[in-house]
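To start, the structure under review is shown below, and the notes come after it.
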Amino acid sequence: MSDYTLDSAEGRVEALRRMLTIRSFDETAGERFADGEIPGFVHLYVGEEAVGVGTCAALNDDDYIASTHRGHGHCIAKGLNPKYMMAELYGKADGYCNGKGGSMHIADVDAGMLGANGIVGAGPPMATGAALSIDYQGRDQVAVGFLGDGAVAQGQVHEAVNLASTWNLPAIFVIENNRYGEGTPVEQQHNVDNLSDTAAAHGIPGVTVDGMDVTAVAEAVEEARKRARAGDGPTMIEAETYRYRGHYEGDEQVYRDEDEVERWREQDPIASFKERLIDRGELTEAVFEEMQAEAQATIENALAYAKEADDPHPSEAYEDMFGDSVPEIERFAQQATARTDGGDH
Amino acid sequence: MAQAGIEQTETMTVREAIRQALREELDRDDDVYMMGEDIGDMGGVLAVTGDLIDEFGEERVRDTPISEAGFVGAATGAAATGTRPVVEIMFSDFMGVSMEQTMNQMAKMRYMFGGKTEMPVTIRTTEGGGMGAASQHSGTVHAWIAHFPGLKAVSPGTAESAKGLTKAAIRSDDPVFVFENKMIYERQGEVPTDPEFTVPIGEAAVEREGSDVTVLATQRLVGDSLDVAEDLAGGTSVEVIDARSLYPLDTDTIVESVEKTGRLVVADESPLSYGIHAEVATRAMENAFFSLDAPIQRVGTPDTHIPFSPTLEDEVLPDGDDVREAIGRIT
Ligand SMILES: Cc1ncc(C[n+]2csc(CCOP(=O)(O)OP(=O)(O)O)c2C)c(N)n1
Ligand SMILES: [Mg+2]
């Protein structure tokens, strides 16, 4: 079981907490990026929280997910620690990837998180591969491949879905249709009504759900998980959602107007789920505010931790290319160690 | 390249020079059109295509779905059938996705078909580290293309060569890859304004003359090497050559320079093993062995990927200091 499911009031509150944590993490990352503290690219998940959280709520702890370039939400939904995530964004030695990956490559394979991914469409083949391991060893798990609407145009996505289908593997493909691939609207990239229609080409069920509704996502994934575990193969789920921020931080967003963003904000996944929990008597406004403050505190602590953490030693650039060392690289590692007063590393 | 009379030039950045080349070629030939991801209204992620869509419309500045294998393959098919596509691959790392169409179709058709087709396709892409963009957006992969028979590869280091090579690539009836380095888009230079100006593919340029050591550089390292040459002036006289064209490679210019200086440093951001460095060094040895007074030095990326953390990225990326050290080792 996941440590939260939407079957209990407690689990629902936990799901809300995760969504709050994701939002707080990403809003903070956006601010820190704007201030020039975070290098590279960051792609934020604000507005899309219900997809990652709904999906992971329906998974078991040891199930796998393969993420995208917009991966922070998937990480937190899967239970990764914001401290080490933020440290990774800051390029620090004890970030999840020891500073080698950054925002676009956060991974924790032991926790079932097979990595954010800088290559659009590369996650689904990873999920098919994880499902192959599961099937091969008869393990009681599933693997989820996340992808964006834009990624549905990639050949390797369809090859992966077809493989999972013909081999009847326990895989689930979750399309996060946020209406755009960078600045290009979904209508200019595809000629189908629903992206889930493409499932038919691979002989698997395809469903489209409200991706602003965490329970709708969780129900679809739960169903898909049952199917996969019953040996009935993969499912494709399209979650209709929206990103509030630019494609990446710094995007001028010439391709849309503020009204469109406002309309989607009215269906905000956090606000709407909160209302529902209050209506059901599972939450009060006061408790919600407390939760919000806690989420912020968690992220502030993560930020403080990341800022204080040590940079990697330059010689670490030469680690982890292979399982063993090769002379071509080793000589540079030795030079880097020697350069820093006798190698204090 | 310089015609008789006075050559008019204009100061511009590498980015502007490439855009001007694209504009002039779109203007000159109706069969030329561009395609790529977000090159239209977005103007390209690194803002190279800019406002070209306003001038030429979405038929000729085409946004594609995220399908590199599909559109590189389509460009190959289109080039074989009478049009002249200019493709942008957003980051060179994504060439992995389209490699099949590149190596088995684009590169081979003319030869396999006994010369029955031309292949006037241009692929522009941006490569290199320095932006904190991590391993899947920072690679320098031009050696793959230069290595592969049937493909031409150019790698401008200055605004002038960026414009001239882009134009020559588009006018060529062969597949030409233009490798832009993302860290030099803002670098300025003097660029000829004559719309007929091109830089012939296969010609290197001596950017600075010197007599003690030759630095054969590419892309960002051309500028870095020129800065080092300036610093060392008075002590060591450094000749800096921009390779400009990787395949075909201008062996004559390199050999002539090495015959004069007797010393060679090859500076290219590719991983060190099995790459541009080895090729240049071999040609120098084959043709100027008895002129060499010292071992040839290589400056490049140790055989790692480009890591994210600035500390690590700085460690592996070659720069002017590495060029200076390499010169120091042999002079
Ligand atoms: C193979 C490849 N091509 C292009 C890109 C550049 N790129 C990064 S994200 C992106 C848009 C992806 O759109 P979508 O799949 O809808 O995901 P979203 O960003 O909307 O979450 C593009 C084109 C890339 N990273 N990889
Ligand atoms: Mg999208």
**OP:** Tell me which of these residue A:121 doesn't satisfy, since it passes every other one: (1) in a loop (DSSP other than H, G, I, E, B); (2) more than 14 Å from ligand 1 (Cβ to nearest atom); (3) open to solvent by less than 30 Å² (accessible area, probe 1.4 Å); (4) not hydrophobic (A, V, I, L, M, F, W, C).
**Re:** (2)
Original post:
If you go through the range B:163-179 one residue at a time, do you hit one that is open to solvent by 10 Å² or more (accessible area, probe 1.4 Å), touching a Gly at 6+ places or on another chain (Cβ under 9 Å) and within 18 Å of residue B:128 (Cα to Cα)?
Top reply: no
Original post:
Could you say whether any residue in the range A:109-116 is within 14 Å of chain B (Cβ to nearest Cβ), part of a loop (DSSP other than H, G, I, E, B), out of contact with any Pro (no Cβ under 7 Å at 6 or more places or on another chain) and closer than 19 Å to residue A:190 by Cα?
Top reply: no
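So, of the residues in the range B:182-211 that are hydroxyl-bearing (Ser, Thr, Tyr) and over 27 Å from residue B:251 (Cβ atoms), which turns out to be most open to solvent (accessible area, probe 1.4 Å)?
Among them, the one singled out is B:193.
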Subject >> Members of the range B:42-95 that are of a type in the set (Gly, Ala, Ser), in contact with a strand residue (DSSP E or B) (Cβ under 7 Å, 6 or more places away or on another chain) and more than 12 Å from chain A (Cβ to nearest Cβ) >> reply: B:75, B:78, B:79, B:92
Subject >> Selected residue (only one of B:256, B:315 is surrounded by fewer than 21 Cβ atoms within 10 Å (Cβ to Cβ) and assigned to a helix (DSSP H, G or I)) >> reply: B:256
Subject >> Scan of the range A:81-106 for residues that are part of a loop (DSSP other than H, G, I, E, B) and open to solvent by 10 Å² or more (accessible area, probe 1.4 Å), ordered by number >> reply: A:81, A:90, A:92, A:93, A:94, A:96, A:97, A:98, A:100
Original post:
Could you say whether any residue in the range A:52-59 is open to solvent by less than 30 Å² (accessible area, probe 1.4 Å), within 13 Å of ligand 1 (Cβ to nearest atom) and within 24 Å of residue B:307 (Cβ to Cβ)?
Top reply: no
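If you take the residues in the range A:180-201 that are away from chain B (no Cβ under 14 Å) and open to solvent by 30 Å² or more (accessible area, probe 1.4 Å), which one is farthest from ligand 1 (Cβ to nearest atom)?
A:200
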Original post:
Is there any pair linking a residue in the range A:207-222 that is modelled with pLDDT of 95 or more to one that is open to solvent by 30 Å² or more (accessible area, probe 1.4 Å) and not in a helix (DSSP H, G or I), with Cβ under 7 Å and at least six apart or on different chains, and which?
Top reply: A:208/A:194; A:208/A:240; A:210/A:240; A:211/A:240; A:212/A:267; A:216/A:210; A:220/A:207
Original post:
Out of (1) without any contact (Cβ under 8 Å) to a residue 60 or more places away in the chain; (2) closer than 18 Å to residue B:99 by Cα; (3) away from chain A (no Cβ under 14 Å); (4) open to solvent by 10 Å² or more (accessible area, probe 1.4 Å), the odd one out for residue B:136 is which?
Top reply: (3)
Original post:
Of the residues that make up the range A:297-311, is at least one closer than 21 Å to residue A:30 by Cβ and assigned to a loop (DSSP other than H, G, I, E, B)?
Top reply: yes
Original post:
Which of the residues belonging to the range A:35-48 are open to solvent by less than 10 Å² (accessible area, probe 1.4 Å) and either away from ligand 2 (no atom under 15 Å from the Cβ) or modelled with pLDDT under 95 (or both)?
Top reply: A:38, A:42
Subject >> Residues satisfying the stated conditions in the range A:151-179, i.e. more than 16 Å from the chain's Cα centre (by Cα), within 12 Å of ligand 2 (Cβ to nearest atom) and facing chain B (nearest Cβ under 10 Å) >> reply: A:152, A:153
Original post:
Quick one: is residue A:317 open to solvent by less than 80 Å² (accessible area, probe 1.4 Å), more than 16 Å from ligand 2 (Cβ to nearest atom) and either more than 24 Å from residue A:56 (Cα to Cα) or within 14 Å of chain B (Cβ to nearest Cβ) (or both)?
Top reply: yes
Original post:
So how many residues does the range A:78-105 have that are within 10 Å of chain B (Cβ to nearest Cβ) and in contact (Cβ under 8 Å) with a residue 12 or more places away in the chain?
Top reply: 15
Original post:
Does any residue in the range B:37-54 that is farther than 13 Å from residue B:124 by Cβ come within less than 6 Å, Cβ to Cβ, of a residue that is open to solvent by less than 10 Å² (accessible area, probe 1.4 Å) and more than 16 Å from ligand 2 (Cβ to nearest atom) six or more places away or on a different chain, and which pairs are these?
Top reply: B:40/B:61; B:43/B:49; B:50/B:43; B:53/B:40; B:53/B:61
Subject >> Only listed residue being assigned to a helix (DSSP H, G or I), over 23 Å from residue B:171 (Cα atoms) and either in contact with a Phe, Trp or Tyr (Cβ under 6 Å, 6 or more places away or on another chain) or open to solvent by 10 Å² or more (accessible area, probe 1.4 Å) (or both), chosen from B:69, B:78 >> reply: B:69
Original post:
Within the range B:283-306, is there a residue that is within 14 Å of chain A (Cβ to nearest Cβ), in a helix (DSSP H, G or I) and either hydrophobic (A, V, I, L, M, F, W, C) or under 20 Å from the mean Cα position of the chain (by Cα) (or both)?
Top reply: no
**OP:** Go through (1) crowded, with 23+ Cβ neighbours inside 10 Å; (2) more than 22 Å from the chain's Cα centre (by Cα); (3) basic (Lys, Arg) and name the single condition residue B:244 misses.
**Re:** (2)
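The values are calculated or read from the model by the stated rules, or taken from the named source; none is laboratory data. Source: prediction; values computed, not measured. Note that each Cβ is placed from the backbone with ideal geometry, even for glycine, and that neighbours are counted across all protein chains shown. Calculation scope for accessible area: heavy atoms of the full protein, side chains included, ligands and nucleic acids excluded. Shrake-Rupley method; radii C 1.70, N 1.55, O 1.52, S 1.80 Å.
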